[in-house]
Amino acid sequence: DPTLSGVYKLIEYNNIPRIKISEEKITYPGIKQVYRKFDENGILEEDIITIVNEPAPTNSESLLHPIMKNGRLVSNLPEIDEIQRYYFENMKKLSQIYKNLEKVHPFKIKLSKNLMELTNQLKSKYR
């Protein structure tokens, strides 16, 4: 019997950021954006998770783009050749250490200062 499972995580309600705290993990509050940051040679350096209205970090591109809004398509979906081109372009920008199959190197992901401050503020409020 085919099913589609999913998990809903409340991050904001009535424009008020929400947080979920448990022993094992935390759900970061607020609507977010993810930026991919590049070094001076155009090589992928790290991903940075920010609050959606924060300014973009230097030498970065946003990764989250709206596709649907209020049940309506707001962006054209990319064709398969465009997806393939995007993949190959990004593989060229990935450092060789992340392509090594013998020794795994986790890609660096960090939270912005504002997101960390909001998270800590809400953790203090609800603990």
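The values are calculated or read from the model by the stated rules, or taken from the named source; none is laboratory data. All of these numbers come straight from a predicted model, not from anything done at the bench. We place every Cβ from the backbone using ideal geometry, glycine too, and count neighbours over all the protein chains shown.
Quick notes
- Residue that is surrounded by the most Cβ atoms within 10 Å (Cβ to Cβ), among those in region 61-94 that are in contact with a strand residue (DSSP E or B) (Cβ under 7 Å, 6 or more places away or on another chain) and under 14 Å from R36 (Cα atoms): K93
- Region 83-107 residues that are touching a residue at least 24 places away in the same chain (Cβ under 8 Å), paired with ones that are among the β-branched types (V, I, T) (beta carbon under 7 Å, 6 or more apart): K93/I43; S95/I43
- Of the candidates L73, L64, the single residue that is touching a residue at least 12 places away in the same chain (Cβ under 8 Å) and of a type in the set (A, V, I, L, M, F, W, C) is L64.
- Here N53 fulfils each of the conditions (1) of a type outside the set (S, T, Y); (2) in contact (Cβ under 8 Å) with a residue 24 or more places away in the chain; (3) more than 15 Å from T119 (Cα to Cα) apart from (2).
- Hits in region 33-60 (condition: of a type in the set (D, E, K, R) and either farther than 15 Å from L111 by Cβ or surrounded by fewer than 15 Cβ atoms within 10 Å (Cβ to Cβ) (or both)): D39, E40, E45
- Neighbours by Cβ (under 8 Å, 6+ apart or cross-chain): first from region 1-24, closer than 18 Å to K125 by Cβ and surrounded by 11 or more Cβ atoms within 10 Å (Cβ to Cβ); second charged (D, E, K, R) and modelled with pLDDT under 85: I21/R127
- From the list K123, K103, the one residue that fits, being farther than 15 Å from Q33 by Cα, among the charged types (D, E, K, R) and assigned to a loop (DSSP other than H, G, I, E, B), is K103.
- Filter pass, E23 being of a type in the set (D, E), over 14 Å from L118 (Cβ atoms) and assigned to a loop (DSSP other than H, G, I, E, B): yes
- Conditions (1) surrounded by 10 or more Cβ atoms within 10 Å (Cβ to Cβ); (2) over 17 Å from the mean Cα position of the chain (by Cα); (3) without any contact (Cβ under 8 Å) to a residue 40 or more places away in the chain; number of the one not met by K123: (3)
- Filter pass, S60 being within 16 Å of the chain's Cα centre (by Cα) and closer than 30 Å to S124 by Cβ: yes
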